[in-house]
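The structure appears below as structure tokens.
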Amino acid sequence: MPPKLSIRVGRSDDASHLAVLATQVWLHTYATDGISADIAGYVLQELAPEKYLRTLNDPTRRVFVAQSGANLVGLAVVKFGTACPEDQHASTELQTLYVQEHFIGHGVGKLLLRAAEAEARQQQANAMLWLTVNAKNTRATAFYAHQGYTKVGTTYFTLGEGNHENHVLIGPNAQA
Ligand SMILES: CC(C)(COP(=O)(O)OP(=O)(O)OC[C@H]1O[C@@H](n2cnc3c(N)ncnc32)[C@H](O)[C@@H]1OP(=O)(O)O)[C@@H](O)C(=O)NCCC(=O)NCCS
């Protein structure tokens, strides 16, 4: 585990860091064929500091950040009150789980996921998280399977002219 790793709730003054971190992780994960106009537009618009500032101040969402020393190395965003299309009982969505490539495999993702799951249970006893993950993202799919998540459906992420298949996953019904 990286030295001095800690998980905390995000603050307004994290917005710029989160935008840069999310951009780095998103591009590394999905822009595997270079930067298209659709990708440039998406990143500049959706992963902008103003968007993260809004998310950090949104009462229906909670942001968790992973910090190593003074620096941010991961983030998770959960949204309350969004029913899973495949299972109405799951109403807290894990919208984002990103770990910087240099910190992959050190337990950061699991710690952020645990924080997100605990937050879901704070909202509702025994609540399960649900999420969507790109079907081609084999590393993330394997990570979630290892954490007890199961596929309950399929959805599509649209970017420009392209439709990208996503698995809908639901978390284990933890009692803790
Ligand atoms: C998916 C992601 C969040 C995993 O985070 P991570 O910090 O590398 O994972 P961790 O080190 O916390 O792994 C925790 C556990 O999962 C296991 N695991 C991690 N990656 C795995 C993989 N690819 N296959 C199988 N198991 C895996 C680890 O062995 C560990 O097991 P343990 O609980 O028995 O100790 C990270 O790879 C990431 O941010 N990827 C880029 C962005 C992304 O794809 N996000 C998900 C989009 S929905």
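The values are calculated or read from the model by the stated rules, or taken from the named source; none is laboratory data. Model, not experiment: these values are computed from the prediction. Cβ placement follows ideal geometry from the backbone for every residue including glycine, while neighbour counts extend to all protein chains displayed.
For segment 72-86, give me each residue that is away from the ligand (no atom under 14 Å from the Cβ) and touching a residue at least 12 places away in the same chain (Cβ under 8 Å).
Residues of segment 72-86 that are away from the ligand (no atom under 14 Å from the Cβ), as a first pass: 80-86.
Once the filter is applied, which keeps residues that are away from the ligand (no atom under 14 Å from the Cβ) and touching a residue at least 12 places away in the same chain (Cβ under 8 Å), segment 72-86 yields F80, G81, C84, P85, E86.
Can you name the number of the only condition in (1) within 16 Å of the ligand (Cβ to nearest atom); (2) outside any loop (DSSP other than H, G, I, E, B); (3) modelled with pLDDT under 95 that A174 fails?
With (1) within 16 Å of the ligand (Cβ to nearest atom); (2) outside any loop (DSSP other than H, G, I, E, B); (3) modelled with pLDDT under 95 applied to A174, the lone miss is (2).
If we keep just the residues of segment 146-176 that are of a type in the set (G, A, S) and surrounded by fewer than 15 Cβ atoms within 10 Å (Cβ to Cβ), which is nearest to L129 (Cα to Cα)?
Selected residue: G148.
When residues of segment 93-114 are filtered for being surrounded by fewer than 21 Cβ atoms within 10 Å (Cβ to Cβ) and either near the ligand (Cβ under 6 Å from one of its atoms) or within 21 Å of W26 (Cα to Cα) (or both), how many remain? Steps first, please.
Going residue by residue through segment 93-114, those that are surrounded by fewer than 21 Cβ atoms within 10 Å (Cβ to Cβ) are 95, 100-107, 110-111, 114.
Next, only the ones that are either near the ligand (Cβ under 6 Å from one of its atoms) or within 21 Å of W26 (Cα to Cα) (or both) stay: 95, 100-107, 110-111.
Qualifying residue count for the region: 11.
For segment 124-146, give me the residue count where each residue is at pLDDT below 95 and among the small types (G, A, S).
Going through segment 124-146 one residue at a time, the tally reaches 2.
Could you say whether any residue in segment 64-72 is closer than 19 Å to F103 by Cα and in contact with a Gly (Cβ under 6 Å, 6 or more places away or on another chain)?
The answer is yes; a qualifying residue exists.
Going by the structure shown, is A118 of a type outside the set (V, I, T), under 27 Å from G162 (Cβ atoms) and in a helix (DSSP H, G or I)? Break it down stepwise before answering.
Values: of a type outside the set (V, I, T): yes; under 27 Å from G162 (Cβ atoms): no; in a helix (DSSP H, G or I): yes.
So A118 fails the test.
Counting just the residues of segment 1-44 that are part of a loop (DSSP other than H, G, I, E, B) and without any contact (Cβ under 8 Å) to a residue 40 or more places away in the chain, which one comes out nearest to Q95 (Cα to Cα)? So that I can check it myself, show each step before the final result.
Narrowing segment 1-44 to residues part of a loop (DSSP other than H, G, I, E, B): 1-4, 10-11, 31, 33, 35-36.
Subsequent filtering for residues that are without any contact (Cβ under 8 Å) to a residue 40 or more places away in the chain retains 31, 33, 35.
Working: A31: 19, D33: 24, I35: 23 Å.
The qualifying residue nearest to Q95 (Cα to Cα) is A31.
Checking R62 against (1) away from the ligand (no atom under 14 Å from the Cβ); (2) in a helix (DSSP H, G or I), which test does it fail?
Going through the list (1) away from the ligand (no atom under 14 Å from the Cβ); (2) in a helix (DSSP H, G or I), R62 breaks only (2).
Yes/no per residue for (1) within 8 Å of the ligand (Cβ to nearest atom); (2) in contact with a Ser or Thr (Cβ under 6 Å, 6 or more places away or on another chain); (3) closer than 26 Å to P59 by Cβ; (4) not small (G, A, S):
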site	(1), (2), (3), (4)
Q88	no, no, yes, yes
R121	no, no, yes, yes
A135	no, no, no, no
A140	yes, no, no, no
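Could you please find all residues in segment 127-171 being in a helix (DSSP H, G or I) and polar (S, T, N, Q)?
Pass one, segment 127-171, residues in a helix (DSSP H, G or I): 138-146.
Within segment 127-171, T138, T141 qualify.
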